[in-house]
Amino acid sequence: MNEFLHNKLFRSVAASAYVNQLGTSLYNLVFIIYASTLPYKTLAVSLATVVTTIPTVFQMFTGYWADKSKNKIRATLRTRLIQIVLFGMLTYFVQDKQVLTIFIVLLVINLASDLLGEYSNGAELTILKHIVPEEKLNEALSISTAFAQLIMIVGQAAGVALLTLVKYNFSIIAAVNVFTFVISFMLILVKYRGLNEAVPVGTDTTENSEEREVDVGFVKNVKRMIADLRNSNGLLQLIFWFFLVNNILTVTEAVSAIGLLHSPTLWISSYSTTMALFGVTTSVGTIFGSIIRKDPLMKKSFATVTNVLLAFVMIVVVNFVVVKSVIVFFAGMFFIGYVFGKLGPRFSAMLMKNSNPKRMAITAGTVNTLIVIGGPVSQIIFLGIANLVSVQVTWITLAIVIVITVIVVLYSNAKLKTVEN
């Protein structure tokens with residue numbers, strides 16, 4: 001929190017990102033609700049759901065273009081302006097609910113805005129590396145994680161509440177989103193001079209054309225990024241660890257939804273209420289884990305924190321199979337969120353410190369893309385087991401995967417210490 005309070009440039013960039021995320025979080029949920037009110041609602045909701053998830057899959061490409069931009073500050077401002085124009089158009093078109101063609105236009109506008117948001121996120125990674133001291137990166141990213149979780153909860157709740165207040169006038173919601181983009185734009189603009197001094201134009205390029213690696217094609221950039229990861233002792237193992245852990249958490253969330261369906265003793269009032277509290281509990285845990293700086297986990301190694309997280313996942317698994325206690329379940333999910341609130345920002349900080357600055361955005365984008373793709377694939381496998389065999393067998397299979405992951409973490413711990421230090 002100290003970095004946010006005392007570093008004016010970081011505070012400006014972070015606040016701009018938070019306001020932008022608030023608008024996106026608010027509107028994406030409302031857009032799906034809007035789709036449900038259309039005459040062709042089944043098709044509309046399906047398309048709206050897919051469109052809101054596409055940008056995260058293309059983070060590798062948006063990261064590449066973010067790396068190519070020579071002036072990251074100006075690039076961020078341009079994206080905000082384009083988003084303002086796009087949602088200004090959306091405010092007008094959203095009034096027509098009858099024509100499918102208009103809805104397709106709305107989908108394209110929403111998709112374009114979200115892709116621009118991902119591009120902007122990639123540019124901001126490079127900006128952060130220049131305006132935040134390396135030793136403060138973990139603290140800065142922890143605060144960002146906490147705010148991101150809080151904004152997701154507040155944004156969606158505010159979107160639904162505001163929608164009810166304006167009697168389902170979707171044009172007003174779109175106009176509110178335009179306003180959030182304007183504020184986000186202004187927060188960067190007021191610190192434009194200071195940011196430009198901290199992140200000079202062309203920082204990530206050189207005069208020698210042979211050395212201007214950012215200007216090469218996408219495929220060559222990806223190849224060089226992979227070479228960077230191989231040459232960076234321990235970084236590839238770090239990414240592999242985090243990929244495994246993220247998949248385990250994704251599967252735990254998905255299988256818990258099925259497990260709760262078959263375990264009424266774990267319900268609080270009803271299944272729907274329990275599911276809502278399940279998501280909120282994990283998010284609140286992540287927020288607390290991100291903002292609480294003085295606890296025993298802060299001084300532990302990345303491997304130790306990873307295994308503590310996996311231990312809490314194992315507690316949830318055992319609870320579903322044997323104990324079946326609602327208190328153990330919610331306590332387990334809270335501490336899973338809490339420990340991940342420590343692990344996620346530390347992973348991002350380590351990735352930023354050890355990545356080639358010329359390919360930082362594409363590296364982060366590629367990692368995020370792999371994680372996004374890996375999650376659904378893991379869910380399909382484990383939910384397939386739950387449906388074809390049984391939920392109990394699914395939990396046992398997950399327990400085996402957790403044990404294997406702990407062994408992998410312990411085995412490769414020594415190599416990872418070179419990345420941590």
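Just give me the residues in region 298-329 being in contact (Cβ under 8 Å) with a residue 40 or more places away in the chain and either among the aromatic types (F, W, Y) or closer than 17 Å to V408 by Cα (or both), in sequence order. Within region 298-329, S301, F302, A303, V305, T306, N307, L309, L310, V313, M314, F320, F329 qualify.
Are any of the residues in region 218-228 farther than 29 Å from L410 by Cα, under 24 Å from the mean Cα position of the chain (by Cα), modelled with pLDDT of 70 or more and not aliphatic (A, V, I, L, M)? Taking every residue of region 218-228 in turn, at least one turns out to be farther than 29 Å from L410 by Cα, under 24 Å from the mean Cα position of the chain (by Cα), modelled with pLDDT of 70 or more and not aliphatic (A, V, I, L, M).
Within region 330-347, residues that are without any contact (Cβ under 8 Å) to a residue 40 or more places away in the chain have Cβ atoms under 7 Å from residues that are among the hydrophobic types (A, V, I, L, M, F, W, C) and in a helix (DSSP H, G or I) in these pairs: G332/F312; G332/I315; G332/V316, counting only partners at least 6 apart in sequence or on another chain.
For region 53-97, taking the residues that are at pLDDT below 80 and over 18 Å from I362 (Cα atoms), the one that is surrounded by the most Cβ atoms within 10 Å (Cβ to Cβ) is identified as K97. With respect to the conditions (1) closer than 30 Å to D67 by Cβ; (2) surrounded by fewer than 22 Cβ atoms within 10 Å (Cβ to Cβ), V401 falls short on a single one, namely (1).
Can you tell me how many residues within region 259-295 are part of a helix (DSSP H, G or I) and more than 20 Å from the chain's Cα centre (by Cα)? Final tally of qualifying residues: 12. Here I172 fits the description: within 26 Å of T79 (Cα to Cα) and more than 23 Å from the chain's Cα centre (by Cα).
Counting only helices (runs of 4 or more DSSP H) that fall entirely inside region 1-65 and contain at least 3 residues that are of a type in the set (A, V, I, L, M, F, W, C), the qualifying elements are 8-36, 41-57.
The values are calculated or read from the model by the stated rules, or taken from the named source; none is laboratory data. Everything numeric in this text was worked out from a predicted model, so none of it was measured. Every residue, glycine among them, receives a Cβ derived from its backbone with ideal geometry; neighbour counts consider all protein chains shown.
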